[in-house]
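**Q** The structure that follows is given in the form of structure tokens.
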Amino acid sequence: MPTLATAITPRFSPLPDADREAQSVASRFRHSQLLSGTEVTLQRITHGLSGRTVFHFAGHAISGPKQNGLVLASPPSPVGAADEPILLSASDLDRRLLRSLQLVVLSACATAETEEGFSEPDNLVRSFLRTGVPNVVASRWPVDSYITAETMAEFYSHLFDGLPTAYALHRTVNTLRQRPTTSHPYYWAAFGSYGR
């Protein structure tokens, strides 16, 4: 979770399971780089993506008519000075830095659509696909922090069993549908697989 300025913190609900999710995902990879708190900056992310095959973001996103992107750490400033969140948006994606990426997982609320829908040019999923990333997993609506962490643990288990991205997500969905606590579509239908 990025560290947010005091002035904007009340705009975002707590995500108590995002750090657990990020640590769980990072622990599965031999050469992972885990950013949290003040480290979740545009510069650290964009430079860190060079040569990476997987980018997993666990945090907040904004999907609206004026702003669209992943919420990053607020810059150091006097207490309460920042009144708008810093975002990783479609315009920040550089094809040269992303050429090694094979999978992007946007584990945040409504990362697959803007208020204009999936066809909006500044949609993050479309932008990653346009830069050549073959597989993107993103959510269609606001998601529950705890269930999302469980979803991602299940998804990566299937992925590391050798299943392609879409099938790994499909198996995860089937597991969630069969559990009484996550049988409602709100829980199992939020994430979709886009790309190949």
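The values are calculated or read from the model by the stated rules, or taken from the named source; none is laboratory data. Predicted model only: the values in this text are computed from it and were never measured. With ideal geometry, Cβ positions are generated from the backbone for all residues, glycine too; neighbour counts draw on all protein chains shown.
**Q** Quickly run through the stretch 35-46 and pick out the residues that are free of Cβ contacts under 8 Å to residues at least 24 places away in the same chain and exposed (fewer than 15 other Cβ atoms within 10 Å of the Cβ).
**A** Gln43
**Q** Please verify whether Leu49 is within 28 Å of Asp161 (Cβ to Cβ), aliphatic (A, V, I, L, M) and surrounded by fewer than 17 Cβ atoms within 10 Å (Cβ to Cβ), treating the condition exactly as stated.
**A** When the stated conditions are applied, Leu49 does not pass them.
**Q** For Thr111, all conditions in the list (1) modelled with pLDDT of 95 or more; (2) among the polar types (S, T, N, Q); (3) surrounded by 19 or more Cβ atoms within 10 Å (Cβ to Cβ) hold save one; what is the number of the exception?
**A** (1)
**Q** Next up: How many residues, within the stretch 150-196, are under 22 Å from Ala26 (Cα atoms), assigned to a loop (DSSP other than H, G, I, E, B) and either under 16 Å from the mean Cα position of the chain (by Cα) or of a type in the set (A, V, I, L, M, F, W, C) (or both)?
**A** 1
**Q** Check the stretch 27-36 and report whether any residue there is modelled with pLDDT of 90 or more, over 20 Å from Ser89 (Cα atoms) and in a helix (DSSP H, G or I).
**A** Yes, that holds for at least one residue.
**Q** Specify which of the listed residues (Arg140, Arg171) is touching a His at 6+ places or on another chain (Cβ under 8 Å) and either surrounded by 14 or more Cβ atoms within 10 Å (Cβ to Cβ) or within 13 Å of Val105 (Cα to Cα) (or both).
**A** Arg171
**Q** Is it fair to say Leu129 is farther than 19 Å from His60 by Cβ, of a type outside the set (Phe, Trp, Tyr) and either within 19 Å of the chain's Cα centre (by Cα) or assigned to a loop (DSSP other than H, G, I, E, B) (or both)?
**A** yes
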